[in-house]
Amino acid sequence: MNAIINGKIVTPHEVLENKVLVTDHGKIVEISDDVPSGANIVDAKGRIVAPGFVDVHIHGSMGADVMDGTVDAIKTVATGIAQYGTTSFLPTTMTMAKEAVYQSLEAVRQLQGELIVGAAEVLGAHLEGPFINKKYKGAQNEAFVVLPDAGWIKDFSDVIKLVTYAPEMDSELHFTKTVKAETEVTLSIGHSDASYGLASQAIQCGCAHITHLFNAMTGLHHRDPGIVGAALTHDVFTELIADKVHVNQHLFQFVKDNKGKDRVVLITDSMRAGCMKDGIYDLGGQAAHVKEGVARLKDGTLAGSVLTLNQAVRNFYENTDATLPEAIGMATLNPATSIKVADRKGSLEVGKDADVIILDEAFNCHATWVKGNLAYMNM
């Protein structure tokens with residue numbers, strides 16, 4: 001049993017002070033006034049005590065990438081991001097050969113839900129492509145783009161939690177309707193040339209998520225609102241890469257004003273150069289050049305990011321009127337809700353997994369627990 005004292009405990013709606021967060025057997029058991037007898041005391045020293053971050057869109061970190069296709073690569077990513085406060089995540093694939101994607105999904109399957117010592121929990125996978133539009137491929141490899149096919153993902157429907165796809169490539173929205181009717185997979189519009197009208201139709205058919213808003217999609221125009229317009233005017237979860245590069249920070253407030261506090265999902269879209277120094281790194285079989293913390297292909301196309309979620313939360317918090325619970329919720333409860341795991345993840349509430357982090361005022365991570373197990377500490 002752990003008892004975290006002297007912390008500012010962030011709940012979904014408020015910040016509690018002079019309270020004790022108590023965890024036991026991997027669960028949050030109490031937020032109380034007193035330390036239970038026999039508990040191991042952790043002094044937060046006035047810092048922020050928050051739920052662990054949930055990253056639903058991350059390709060790699062610490063020199064490893066999900067498309068390396070190995071258990072060890074995913075473990076490396078999981079260990080690296082735990083040091084920055086992420087306690088659970090969806091390893092995210094890229095548009096590559098089916099065999100390569102399947103190999104990565106099989107590695108995810110082996111780790112899904114398992115306790116990895118010193119690391120974040122693997123919740124499942126995010127399949128980003130291959131069902132995308134070549135026009136908005138971004139850093140994806142167009143040679144492996146295919147039409148949406150529910151049969152393509154059938155054998156991994158237990159692993160895949162989120163699929164990014166282009167609805168204009170989905171004839172009569174058959175894929176959309178089939179996935180919605182037959183699986184628990186969340187569909188997300190991204191890397192797409194869809195019109196506002198078609199994006200709206202996909203949403204009406206059950207698509208509930210938008211992949212990295214503004215990036216690799218039809219933009220907002222007053223006569224042609226595009227996917228951005230559909231994202232801002234429909235009740236869908238909307239990812240944002242808040243690194244101030246993919247999206248200018250002066251638009252963060254605009255997004256919050258239109259989406260509200262409960263539908264913005266902060267992600268990293270980090271590639272293998274995350275938490276690493278500048279240099280040249282592989283991304284889906286393509287060379288990504290990282291300079292001054294920005295990753296680009298040779299032609300200048302942004303190639304994911306090297307962002308960490310604690311940085312994303314800080315950037316959003318500092319550039320909007322979001323309260324601390326709201327900003328943290330965008331990297332915890334909102335993503336957890338979007339992939340249907342909010343019953344056990346995303347907030348410091350009794351009965352949920354003891355995924356807990358301690359942050360300072362600059363959002364640096366000082367301690368991470370995953371299901372009550374200490375994954376990282378620098379107190």
Report task. Evaluate region 126-139: report whether one residue or more is farther than 20 Å from residue 353 by Cα, at pLDDT 95 or above, of a type in the set (Phe, Trp, Tyr) and buried (at least 24 other Cβ atoms within 10 Å of the Cβ). Result -> yes
Query raised in the report: Pairs under 8 Å by beta carbon, first residue free of Cβ contacts under 8 Å to residues at least 40 places away in the same chain in region 29-50, partner open to solvent by 70 Å² or more (accessible area, probe 1.4 Å) and of a type in the set (Val, Ile, Thr), six or more apart or different chains?
Result: 35/41
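Out of 29, 56, 22, which single residue is within 30 Å of residue 73 (Cβ to Cβ) and surrounded by 15 or more Cβ atoms within 10 Å (Cβ to Cβ)?
Numbers: 29 fails: within 30 Å of residue 73 (Cβ to Cβ); 22 fails: within 30 Å of residue 73 (Cβ to Cβ).
Exactly one residue qualifies, and that residue is 56.
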Report summary line: For region 327-353, pairs from a residue that is under 11 Å from residue 266 (Cα atoms) and open to solvent by 10 Å² or more (accessible area, probe 1.4 Å) to a residue that is hydroxyl-bearing (Ser, Thr, Tyr) and outside any helix (DSSP H, G or I), with Cβ under 7 Å and 6 or more apart or across chains, are 333/347
Requested in this report: Can you work out which of the residues in region 354-367 that are farther than 12 Å from residue 50 by Cβ and of a type outside the set (Gly, Ala, Ser) is surrounded by the fewest Cβ atoms within 10 Å (Cβ to Cβ)?
Outcome: 361
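Anything in region 190-208 that is open to solvent by 30 Å² or more (accessible area, probe 1.4 Å) and among the hydroxyl-bearing types (Ser, Thr, Tyr)? List them, or say none.
Initially, region 190-208 is screened for residues open to solvent by 30 Å² or more (accessible area, probe 1.4 Å), giving 193, 195-198, 201, 204-205, 208.
Result: 195, 196.
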Query raised in the report: Can you tell me which of 38, 46 is more than 26 Å from the chain's Cα centre (by Cα), assigned to a loop (DSSP other than H, G, I, E, B) and modelled with pLDDT under 95?
Result: 38
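Is there a residue in region 250-260 that is in contact with a Gly (Cβ under 9 Å, 6 or more places away or on another chain), in contact (Cβ under 8 Å) with a residue 24 or more places away in the chain and surrounded by fewer than 19 Cβ atoms within 10 Å (Cβ to Cβ)?
Of region 250-260, the ones in contact with a Gly (Cβ under 9 Å, 6 or more places away or on another chain) are none.
Checked region 250-260: no residue is in contact with a Gly (Cβ under 9 Å, 6 or more places away or on another chain), in contact (Cβ under 8 Å) with a residue 24 or more places away in the chain and surrounded by fewer than 19 Cβ atoms within 10 Å (Cβ to Cβ).
I'd like to verify a number: residues in region 110-140 that are in contact with a helix residue (DSSP H, G or I) (Cβ under 8 Å, 6 or more places away or on another chain), assigned to a loop (DSSP other than H, G, I, E, B) and of a type in the set (S, T, N, Q), how many?
First, pick out the residues of region 110-140 that are in contact with a helix residue (DSSP H, G or I) (Cβ under 8 Å, 6 or more places away or on another chain): 110-111, 116, 118-122, 124-125, 127, 129-134.
In the following step, the residues that additionally are assigned to a loop (DSSP other than H, G, I, E, B) were identified as 116, 118-120, 124, 129-133.
From the residues that got through so far, the ones that are of a type in the set (S, T, N, Q) too are 133.
Looking only at that region, the number is 1.
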Query - Selection status of residue 278, more than 20 Å from the chain's Cα centre (by Cα) and modelled with pLDDT under 85 - result: no
Query raised in the report: What is the one condition in (1) in contact (Cβ under 8 Å) with a residue 12 or more places away in the chain; (2) farther than 21 Å from residue 108 by Cβ that residue 143 does not satisfy?
Result: (1)
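Please go through region 15-27 and give me each residue that is out of contact with any Pro (no Cβ under 9 Å at 6 or more places or on another chain), part of a strand (DSSP E or B) and touching a residue at least 60 places away in the same chain (Cβ under 8 Å), ordered by number. Spell out the reasoning first.
Just the residues of region 15-27 that are out of contact with any Pro (no Cβ under 9 Å at 6 or more places or on another chain), to begin with: 16-19, 21, 23, 25-27.
Remaining after also requiring part of a strand (DSSP E or B): 16, 21, 23, 27.
Answer for region 15-27, where residues must be out of contact with any Pro (no Cβ under 9 Å at 6 or more places or on another chain), part of a strand (DSSP E or B) and touching a residue at least 60 places away in the same chain (Cβ under 8 Å): 21, 23, 27.
The values are calculated or read from the model by the stated rules, or taken from the named source; none is laboratory data. The structure displayed is predicted, hence computed values, not measured ones. Virtual Cβ from ideal backbone geometry, glycine too; neighbours counted across all protein chains shown. For accessibility, only protein heavy atoms count, side chains too; no ligands or nucleic acids. Shrake-Rupley method; radii C 1.70, N 1.55, O 1.52, S 1.80 Å.
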